[in-house]
Amino acid sequence: CCSTRREMFCDLLFPFRFKNRRFTAVHPLSLQVRRGECLGIMGVNGSGKSTLLQMIAGTVCPTSGQIWADGKIASLLELGSWINATETGRENIYTAGYIRGLTKKQIDEQLPEIIEFSEIGEFIDQPVSTYSTGMVMRLAFSACIKMETDILLLDEVFAVGDARFAQKCIAFLREYIRSRTVLLVSHDVNIITMLCSRTILLDHGRLIADGSPRVISERYLELCYGEKQNVEVRGAETAEIPEDCRKGEEIAVLPFDSSARAFGEGGAAIESAQFLASDGTPLKSVRGGESVRLAVRARALKPLDLPAIGFIVRAPDGQHLFGDTGTPGAIPQLPEGGVMETVFDFVLPRLANGNYSIGLSVSPGRLDEHHIQIWNHNALQFQVQSGLPLQGVLLGLPMRSITISECK
């Protein structure tokens with residue numbers, strides 16, 4: 001009765017307040033992840049990724065349905081949420097072990113390896129309150145993955161910390177995944193394509209796509225820009241390089257594909273893209289280590305202020321390797337029907353064997369406020385036949401020059 005009177009009183013004071021408002025963070029979905037599989041989970045902010053992991057971890061109870069897990073679960077969801085800042089790093093490791101049901105003897109056996117992997121060093125016996133954010137991340141991550149577990153849940157764990165430690169964690173996870181199950185939430189396309197064998201895409205709590213990391217990362221980019229812009233998607237999913245084009249020169253280049261899957265506001269169209277020799281002759285094959293020129297021509301379907309053409313080279317697994325964008329401002333305005341061309345002059349690096357693709361985009365405006373008019377995921381494709389056994393990402397490939405011109 002008292003509670004009822006209190007609610008009636010609140011209704012009189014705040015007649016427009018929301019009452020019994022329900023929000024569905026994750027809609028019904030069916031999902032199975034097997035041992036030895038790393039499942040990537042992508043989606044824009046608020047799509048239900050973290051909530052899904054929290055339900056699997058048992059920290060949030062689902063309203064309906066069931067979650068079944070075969071094995072011990074370790075999670076790193078909210079970075080260092082279990083860490084007590086007043087305790088030392090060593091004491092926090094013991095706390096993490098006790099939470100997982102380990103005995104002191106079991107933790108003692110794993111302690112040296114955890115400390116070594118975390119690279120905390122002499123600070124391991126200092127209060128965590130004295131640690132930097134990166135040190136807390138290293139401690140939490142090391143304690144999570146180095147203790148025996150069957151299922152590992154990771155939520156944006158590579159967003160904090162230095163690049164070197166992140167690469168160390170990625171190398172460790174590659175081996176770790178083979179005998180365990182990992183669910184990884186990340187906005188980083190490269191992380192997803194490097195580690196995951198399968199990826200799902202969530203949108204407003206609904207499962208909208210389930211497939212290869214490469215294809216889902218393309219859908220994710222479309223979704224990200226679709227949140228901010230009125231974009232349309234056209235074309236088919238990523239296609240494989242035809243068999244009859246897979247033999248020949250070191251790097252065989254396929255013709256420009258204007259029908260490849262693309263998205264954008266529709267204010268521009270990419271008319272051509274090709275590799276050129278130094279004399280301007282189109283090339284059907286190129287070689288790693290040699291200087292090449294990538295010429296991209298685009299037409300404005302409406303007036304475009306400060307238009308810029310960009311490209312990105314993607315590895316066979318979908319990783320973004322390198323790319324660049326022409327400087328906005330070289331052409332103040334491109335009228336409707338106008339055509340511009342950007343030529344990127346650079347040394348093509350030696351690449352590992354496999355099928356590669358080049359994505360192209362046209363965006364007006366400054367780089368910090370541009371709007372994608374068209375983003376063609378796989379405008380050009382090429383295959384490396386006799387490359388080097390390399391792994392990793394090429395960052396900051398230097399451009400010899402970028403030439404931007406308006407075609408008359």
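The values are calculated or read from the model by the stated rules, or taken from the named source; none is laboratory data. Source: prediction; values computed, not measured. Note that each Cβ is placed from the backbone with ideal geometry, even for glycine, and that neighbours are counted across all protein chains shown.
Counting only residues that are surrounded by fewer than 18 Cβ atoms within 10 Å (Cβ to Cβ) and among the aromatic types (Phe, Trp, Tyr), which one in segment 85-122 is nearest to Thr149 (Cα to Cα)? It comes out as Tyr98.
Scan segment 336-392 for residues that are hydroxyl-bearing (Ser, Thr, Tyr) and either surrounded by fewer than 17 Cβ atoms within 10 Å (Cβ to Cβ) or modelled with pLDDT under 90 (or both) and the total you get is 3. Looking only at segment 276-298, residues that are assigned to a strand (DSSP E or B) and without any contact (Cβ under 8 Å) to a residue 60 or more places away in the chain come to 5 in all. With respect to the conditions (1) under 28 Å from Lys105 (Cα atoms); (2) in contact with a strand residue (DSSP E or B) (Cβ under 6 Å, 6 or more places away or on another chain), Met147 lacks only one, and its number is (2). Those strands (runs of 3 or more DSSP E) of segment 144-227 in which 1 or more residues are at pLDDT below 90 and closer than 15 Å to Asn45 by Cα occupy 151-155. Of all residues assigned to segment 70-85, at least one qualifies as being over 30 Å from the mean Cα position of the chain (by Cα) and more than 20 Å from Val185 (Cβ to Cβ).
Would you confirm whether any residue within segment 114-133 is aromatic (Phe, Trp, Tyr), over 30 Å from Tyr98 (Cβ atoms) and in contact (Cβ under 8 Å) with a residue 40 or more places away in the chain? Looking for residues that are aromatic (Phe, Trp, Tyr), over 30 Å from Tyr98 (Cβ atoms) and in contact (Cβ under 8 Å) with a residue 40 or more places away in the chain, one finds none in segment 114-133, hence no. Within segment 26-50, the only residue that satisfies the criterion of being of a type in the set (Ser, Thr, Tyr) and without any contact (Cβ under 8 Å) to a residue 12 or more places away in the chain is Ser30.
Selection of segment 285-305 for residues being surrounded by fewer than 16 Cβ atoms within 10 Å (Cβ to Cβ) and at pLDDT below 90 yields Ser285, Arg287, Gly289, Glu290, Ser291. Apart from one condition, Trp68 fits all of (1) of a type in the set (Phe, Trp, Tyr); (2) surrounded by 12 or more Cβ atoms within 10 Å (Cβ to Cβ); (3) at pLDDT 85 or above; the exception is (2).
Answer with yes or no whether His320 is touching a helix residue (DSSP H, G or I) at 6+ places or on another chain (Cβ under 9 Å), under 20 Å from Val286 (Cβ atoms) and surrounded by fewer than 19 Cβ atoms within 10 Å (Cβ to Cβ). Against the criterion (touching a helix residue (DSSP H, G or I) at 6+ places or on another chain (Cβ under 9 Å), under 20 Å from Val286 (Cβ atoms) and surrounded by fewer than 19 Cβ atoms within 10 Å (Cβ to Cβ)), His320 qualifies.
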